[in-house]
1. Ranked by accessible surface with a 1.4 Å probe, highest first, in what order do K83, K133, K127 come?
2. Would you work out what percent of the accessible area of segment 91-178, with all protein chains in place, is carbon or sulfur (probe 1.4 Å)?
3. Enter the accessible area per residue of segment 95-167 (Å², integer; probe 1.4 Å; all protein chains in place).
4. Using the structure shown, select from K127/K152; K47/K155; K125/K155; K47/K88; K88/K127 the pairs with a Cα to Cα distance greater than 18 angstrom.
5. Ordering H135, H61 by how much accessible area each has at a 1.4 Å probe, largest first, what is the list?
6. Could you order the peptides 148-154, 85-91 from most to least packed, using the average number of other C-beta atoms within 10 Å per residue?
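The values are calculated or read from the model by the stated rules, or taken from the named source; none is laboratory data. Nothing here was measured: the structure is a model prediction, and the numbers come from that model. Every residue, glycine among them, receives a Cβ derived from its backbone with ideal geometry; neighbour counts consider all protein chains shown. Note: areas computed on protein heavy atoms with side chains; ligands, DNA, RNA excluded. Shrake-Rupley method; radii C 1.70, N 1.55, O 1.52, S 1.80 Å.
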Amino acid sequence: LFKMLYNAASKFFNKNKDDEGPNTIYNPGKSGIIGNALERLNKGSTKYTVDKKGNAYIGGHLITSGYGERIHPSGTGNKMDGKKHFHKGVDIAYKEGEAIGAFMGGQVVYAGNRNDGYGNTVEIKDKNGAIHKYHHGQSIPQAIMDAYKTGKSIKDNTVIMKAGHTGTVTGTHLDYEV
């Protein structure tokens, strides 16, 4: 489901058209693979929308970078070299310190910082076995750390972190992968 969403967002941000026609990403109710994936996402608590200017949002937050090949910014750190690299997630704009709720509930299978460039990370395994990864958080609530240590599950919209810019980043955002 989310891989299809990522592919749709990637095509959108790269200004490509997909086989379902130019309006697929604008109309989540449209039939076809991408339309059906977006329709399923929109049945949950986290909504995917696109405004009249063509800006895409997840949960009301602007998607600033899509899934797939992209030019990484120049700077210091892991892959901050101004060269093309594969981006495995979507970057979503948040304000510093803003609460980030889980898009899908499930078992917290990781919470912490692996010092791998992703900064503070929370990973949640949903009921279908997919791992939802949330990266670059400012902080992770103690309740989420405890859920990770005990293997407990959380519900969707549970606050899992505060938005930040830990790891290799150029600014505050959420890097979301499935």
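1. Sorted descending by solvent-accessible area, the residues read K127, K83, K133.
2. 47
3. Heavy-atom accessible area per residue stands at 49 Å².
4. Distance filter (> 18 Å) returns K47/K88; K88/K127.
5. Accessible-area ranking of H135, H61, largest first: H61, H135.
6. Top of the packing list down: 85-91, 148-154.
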